[in-house]
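Note sheet for the following structure.
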Amino acid sequence: LGHQVMVHLHSQALPGRVAKMVALLDPKTGAVNKKKPRCVCARQLSILHIEVEEPVCIETYQDFRALGRITLRAARETIAVGVVTNVDL
């Protein structure tokens, strides 16, 4: 937790951090396998809370697909890709 990442949203790159790891998901059904995991390994599906340092224009994937995609990068490597399911103000 607190891992520093670069959050890439559409055409922006913002510094952010992983605030909370909520759950690991089953890849076939999408059901929750484990709540509050300690780590997320390669090719695992998870729900994460990400915090950015400045305000950003973002939408959920269901509402607006182009603004609902996200990429997390650290040390010039892509560490995660995903979609936005919820936005907290």
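Each reported figure results from applying straightforward, stated rules to the coordinates on display, with no laboratory input. Only a predicted model underlies this, so the values are computations on that prediction, with no experimental measurement involved. Positions of Cβ are backbone-derived with ideal geometry, glycine not excepted, and every protein chain shown enters the neighbour counts.
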THR78 out of contact with any strand residue (DSSP E or B) (no Cβ under 7 Å at 6 or more places or on another chain) and of a type in the set (Ser, Thr, Tyr):
no
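Residues checked against (1) more than 15 Å from the chain's Cα centre (by Cα); (2) closer than 15 Å to HIS3 by Cα; (3) of a type in the set (Ser, Thr, Tyr):
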site: LEU14; (1), (2), (3): no, yes, no
site: ALA19; (1), (2), (3): no, yes, no
site: LYS28; (1), (2), (3): yes, no, no
site: LYS34; (1), (2), (3): yes, no, no
site: CYS39; (1), (2), (3): no, yes, no
site: ILE50; (1), (2), (3): no, yes, no
site: VAL56; (1), (2), (3): no, no, no
site: LEU72; (1), (2), (3): no, yes, no
Within the set of pairs 6+ apart or on separate chains, which have a first residue in the stretch 45-56 that is touching a residue at least 40 places away in the same chain (Cβ under 8 Å), a second that is small (Gly, Ala, Ser), and C-beta atoms under 6 Å apart?
ILE50/GLY16; VAL52/GLY16
